[in-house]
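Novice: My questions all concern the structure below.
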Amino acid sequence: MTSSLIEQLPPPLPAERIIALNQPKADLHTHRTYAWNGWDFDVPPGVFMPGATSRMIHERLLDDTIDVRGRTYAAMGVGLGVETAVAGLRGAREVYALDVHGDSVHTARRNYERLVGEREGTRFVPAAGNVFDGVPAGTRLDVVTFNPPAVSQAVSTDPDVVRNVCVGAPLLATFFEQLAHRDLLAPGGEVFVVVSNTADMPAIIRHAVTAGFEAEVFHRHDWNDGVLTYLFRLRRGGVA
């Protein structure tokens, strides 16, 4: 099934179109504000501002379409920490806030403490590091979400822009390899990844297959400007 899915996925848009669509805003290194679900956030310099693709995950956590109740959940590339706050309030057993950017992990922790606080039966675990480097050995994750900076063209030389936007498909190769080789996914575990055709979507899903995962399209959105965004659900091969 996954092999035929790869063949059906759209190729990346032309390079010039990808670059035009992903021009970085001039305010990344400033304090900004963000509002969602009746919550107000201060966004420190360098921390990723959630957009519509991030909300594809946030909304599905909020309405239990992505169910974290009583489960161990990891938000990869946590940024502002919206999804970890939602997961804590929805009753996740453990909530891992993961990001290569230490200031983002600190911001996510601060927002979690403000919006969720101490909650019986839920443990919050902030960890800065490359992909899963900050996750302790022996951890088993039931749900992982990731809206990766997978844009396939360099849109800036600013390292903060690159980290937030255009690391590209190799990051996903590392993501899937670590999940598989460290056996981080619990039996029945699910991985949700957002990818659009501003990235090399077929290559990304091929990386997942190589690492032993099976993929399905969980949601697809057409922005009517040539961009197609897919929310994939991935599970270990052989899991029904």
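Novice: In whole percent, what relative contact order does the range 106-240 give with Cα contacts below 8 Å and a gap of six or more residues?
Specialist: Rounded, it is 22 percent for the range 106-240.
Novice: Next question. Averaging sequence separations of C-alpha pairs under 8 Å and six or more residues apart, then dividing by the length of the range 26-163, give the relative contact order as a whole percent.
Specialist: The value is 22 percent.
Novice: With a ≥ b ≥ c taken as the square roots of the eigenvalues of the C-alpha gyration tensor of the range 147-231, please select rounded if a/c is under 1.5 and otherwise prolate if a/b is larger than b/c or oblate if it is not?
Specialist: Oblate, because a/c is 1.5 or more while a/b does not exceed b/c.
Novice: Could you work out how far apart the two model spin labels at residue 158 and residue 40 are, taking each label as a point 7 Å from the Cα in the direction of the beta carbon, and quote it in nm?
Specialist: About 2.5 nm, to one decimal.
Novice: Let me ask something else about it. Charges on Cβ only, +1 for Lys and Arg, -1 for Asp and Glu, centred on the Cα centroid of the chain; of 155, 232, 24, which one is farthest towards the dipole's positive end?
Specialist: Positive-most Cα among the choices belongs to 232.
Novice: Compute, for the chain, the length of the dipole vector about the Cα centre, with Cβ point charges of +1 (Lys, Arg) and -1 (Asp, Glu) only. Units Debye, rounded to 20.
Specialist: I would put it at about 340 debye.
Novice: Using Cα pairs closer than 8 Å and at least 6 residues apart in sequence, work out the relative contact order for the chain, in percent.
Specialist: Answer for the chain is 19 percent.
Novice: List the residues whose amide H sits under 5 Å from the amide H of residue 190, counting only those 5 or more places along or on another chain, with H placed 1.01 Å from N in the peptide plane.
Specialist: 143, 144
Novice: Once amide H atoms are built 1.01 Å from N in the peptide plane, which residues 5 or more positions from residue 95, or in another chain, come under 5 Å H to H?
Specialist: Result for residue 95 returns 73, 123, 124, 125.
Novice: Carbon and sulfur atoms: what percent of the 1.4 Å accessible area of the range 50-97 do they account for?
Specialist: C and S fraction of accessible area: 42 percent.
Novice: Right, here's the next one. Sorted by packing (mean other beta-carbon atoms within 10 Å per residue), highest first, where do 7-18, 88-99, 39-50 land?
Specialist: Descending packing order for the listed peptides: 88-99, 39-50, 7-18.
Novice: Which one, 132, 186, 121, projects farthest toward the positive side of the charge dipole computed for the range 103-190 from Cβ point charges (K/R +1, D/E -1)?
Specialist: Of the options given, the answer is 121.
Novice: Here is a follow-up. Any idea what diffusion coefficient the range 76-225 gets from Stokes-Einstein, in µm²/s, Kirkwood Rh on alpha carbon pairs, 4 °C, 1.567 mPa s?
Specialist: 80
Novice: Another one. Given a 1.4 angstrom probe, what's the average accessible area per residue across the chain, in square angstrom?
Specialist: On a per-residue basis, 44 Å².
Novice: Karplus couplings for the range 17-22 from phi (6.51 cos²θ - 1.76 cosθ + 1.60, θ = phi - 60°), rounded to Hz, Gly and Pro as x?
Specialist: 6, 4, 5, 5, 6, 10
Novice: Let me ask something else about it. Percent of alpha carbon pairs in the range 15-128 separated by more than 17 Å?
Specialist: The share of Cα pairs beyond 17 Å in the range 15-128 comes to 54 percent.
Novice: Given Cβ point charges of +1 (Lys, Arg) and -1 (Asp, Glu) and nothing else, what value in debye, to the nearest 20, does the dipole of the range 5-73 about its Cα centre take?
Specialist: With Lys and Arg at +1 and Asp and Glu at -1, about 80 debye.
The values are calculated or read from the model by the stated rules, or taken from the named source; none is laboratory data. Bear in mind that the values here come from a model prediction, so they are computed numbers and not experimental data. Ideal geometry is used to build each Cβ from the backbone, glycine not excepted, and the neighbour counts take in all protein chains shown. When the accessible area is computed, the model is the full protein with side chains, heavy atoms only, and any ligands, DNA or RNA have been set aside. Shrake-Rupley method; radii C 1.70, N 1.55, O 1.52, S 1.80 Å.
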